[in-house]
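> I'd like to ask some things about the structure below.
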Amino acid sequence: MGLYDREYTRENYQPSYDRYQRIGMPKATSMVVRLMIINIAVFLVSILFRPVGVFVYQWFQLDPSSPERALQLWRLVTYQFLHDPGGIWHIFFNMFVLYMFGRLLEPHLGSRKFLIFYLACGVVGGVFYLLLASIGFLPALPMVGASGSILGIIGACAVLFPRIKMIIFPIFIPISIRFAAVGFAAFYALTILFKGYNAGGQAAHLAGMATGALYAAWPHISVRHNLKSRTSPWQKNIQDQQQLAAQVDKILEKVYRHGVSSLSHKEKQILKRATQLHQEMKK
């Protein structure tokens, strides 16, 4: 880890700190993958075996058309694993967002808590729709889809990772997830208020996203309080090495610009520690 191994010593060096500001995407974790497999499997079975599909949708979709069906509480969970059998885009976009953002959130919650969180957002979305349908504000139509749960993930990520960029179809312009979430919420609220297209689905979206955002922001149960406690020793070691490397880069750049005499005692100790670590790794 010598000075001449660094890019700062090159004649055409241009300083940039973008690489320290980027957050690498973790690999898809087990609960995200399992949820995707279940959703896709149910969708395929429903369209390939029509009698099975008819039975599944009849007994497991959310249905406020009668008090009896509205009170069948298992539907609040099962409707989240059903998608419109007439088109693939509904499930495609839901699974895409689940993969992209669920794998950010799951490592910080843990697989079990992530599953509970995911289902809870969908349940709250379903309850909100049932309430609006029961008072006659919205038509009592069957509803399926994981969108309430997916928007819950978006809401939580908007609070925890507000600078993450996302592209919204069909704009194709990256915007921060926080601004996207605000835009979604406004659109859903207006659609519900004016009873626009798919107002029932938008009610589930809005309630699910609000649930996710409130959970992430709530001071006593905020995910932020669990980030350090859920970091494994191996992850902590990797983070320490990355932090040390970033410190060394800045110190060596200072050496290149102002000379060794410009270093403080603390900076010299950091270089000494980095050298020792480098030698240990070579053994």
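> Run residue 193 past the list (1) without any contact (Cβ under 8 Å) to a residue 24 or more places away in the chain; (2) more than 28 Å from residue 87 (Cα to Cα) and report the number of the one that doesn't hold.
It is condition (2) that residue 193 fails.
> Applying the selection to region 241-283, what residues are modelled with pLDDT under 80, among the hydrophobic types (A, V, I, L, M, F, W, C) and in contact with a Phe, Trp or Tyr (Cβ under 7 Å, 6 or more places away or on another chain)?
Once the filter is applied, which keeps residues that are modelled with pLDDT under 80, among the hydrophobic types (A, V, I, L, M, F, W, C) and in contact with a Phe, Trp or Tyr (Cβ under 7 Å, 6 or more places away or on another chain), region 241-283 yields only 246.
> Under 7 Å between Cβ atoms, which residue pairs at least 6 apart in sequence (or on different chains) link something in region 139-165 that is more than 21 Å from residue 87 (Cβ to Cβ) with a partner that is assigned to a loop (DSSP other than H, G, I, E, B) and aliphatic (A, V, I, L, M)?
Between residues of region 139-165 that are more than 21 Å from residue 87 (Cβ to Cβ) and residues that are assigned to a loop (DSSP other than H, G, I, E, B) and aliphatic (A, V, I, L, M), the close pairs are 157/164.
> When you scan region 51-68, do you find a residue that is surrounded by 15 or more Cβ atoms within 10 Å (Cβ to Cβ), in a helix (DSSP H, G or I) and hydroxyl-bearing (Ser, Thr, Tyr), even just one? Explain how you work it out, then say what you get.
Taking region 51-68 as the starting set, the residues that turn out to be surrounded by 15 or more Cβ atoms within 10 Å (Cβ to Cβ) are 53, 56-57, 60-64.
Then keep just the ones that are in a helix (DSSP H, G or I); that gives 53, 56-57, 60.
Next, only the ones that are hydroxyl-bearing (Ser, Thr, Tyr) stay: 57.
Yes, region 51-68 contains a residue that is surrounded by 15 or more Cβ atoms within 10 Å (Cβ to Cβ), in a helix (DSSP H, G or I) and hydroxyl-bearing (Ser, Thr, Tyr).
> Ok, one more. Can you tell me how many residues within region 69-92 are assigned to a helix (DSSP H, G or I), free of Cβ contacts under 8 Å to residues at least 24 places away in the same chain and under 23 Å from residue 34 (Cα atoms)?
First pass over region 69-92, keeping only residues assigned to a helix (DSSP H, G or I): 69-70, 75-81, 89-92.
Checking which are free of Cβ contacts under 8 Å to residues at least 24 places away in the same chain leaves us with 69, 78, 89, 92.
Subsequent filtering for residues that are under 23 Å from residue 34 (Cα atoms) retains 78, 89, 92.
Qualifying residue count, region 69-92: 3.
> Which one is surrounded by the most Cβ atoms within 10 Å (Cβ to Cβ), of the residues in region 123-142 that are part of a loop (DSSP other than H, G, I, E, B) and of a type outside the set (A, V, I, L, M, F, W, C)?
So the first thing to find is which residues in region 123-142 are part of a loop (DSSP other than H, G, I, E, B), and the list is 135-142.
With of a type outside the set (A, V, I, L, M, F, W, C) added as a condition, the list becomes 136, 139, 142.
On the way: 136: 8, 139: 12, 142: 16.
In this case the residue turns out to be 142.
> Here is a further query. I need a count of the residues in region 84-110 that are surrounded by fewer than 21 Cβ atoms within 10 Å (Cβ to Cβ) and either among the β-branched types (Val, Ile, Thr) or at positive phi (or both).
3
> Looking at region 111-118, can you tell me whether even one residue there is surrounded by fewer than 16 Cβ atoms within 10 Å (Cβ to Cβ), among the small types (Gly, Ala, Ser) and in contact (Cβ under 8 Å) with a residue 60 or more places away in the chain?
The answer is yes, given that some residue of region 111-118 is surrounded by fewer than 16 Cβ atoms within 10 Å (Cβ to Cβ), among the small types (Gly, Ala, Ser) and in contact (Cβ under 8 Å) with a residue 60 or more places away in the chain.
> So, one more: Does residue 236 meet the test of being in a helix (DSSP H, G or I), at pLDDT below 90 and farther than 20 Å from residue 127 by Cα?
Values: in a helix (DSSP H, G or I): yes; at pLDDT below 90: yes; farther than 20 Å from residue 127 by Cα: yes.
The answer is yes for residue 236.
> For residue 105, which of the numbered conditions (1) over 22 Å from residue 177 (Cβ atoms); (2) assigned to a helix (DSSP H, G or I); (3) hydrophobic (A, V, I, L, M, F, W, C) fails to hold?
Here residue 105 meets the rest and fails (1).
> Restricting to region 199-233, name every residue that is at pLDDT below 65, within 20 Å of the chain's Cα centre (by Cα) and either assigned to a helix (DSSP H, G or I) or not polar (S, T, N, Q) (or both). Break it down into steps so the answer makes sense when it comes.
Going through region 199-233, the residues at pLDDT below 65 turn out to be 219-233.
Checking which are within 20 Å of the chain's Cα centre (by Cα) leaves us with 219, 221-231.
219, 221, 223, 224, 225, 226, 227, 228, 230 - these are the residues of region 199-233 that are at pLDDT below 65, within 20 Å of the chain's Cα centre (by Cα) and either assigned to a helix (DSSP H, G or I) or not polar (S, T, N, Q) (or both).
The values are calculated or read from the model by the stated rules, or taken from the named source; none is laboratory data. Just so you know, these numbers come straight off a predicted model, no measurement behind them. Virtual Cβ from ideal backbone geometry, glycine too; neighbours counted across all protein chains shown.
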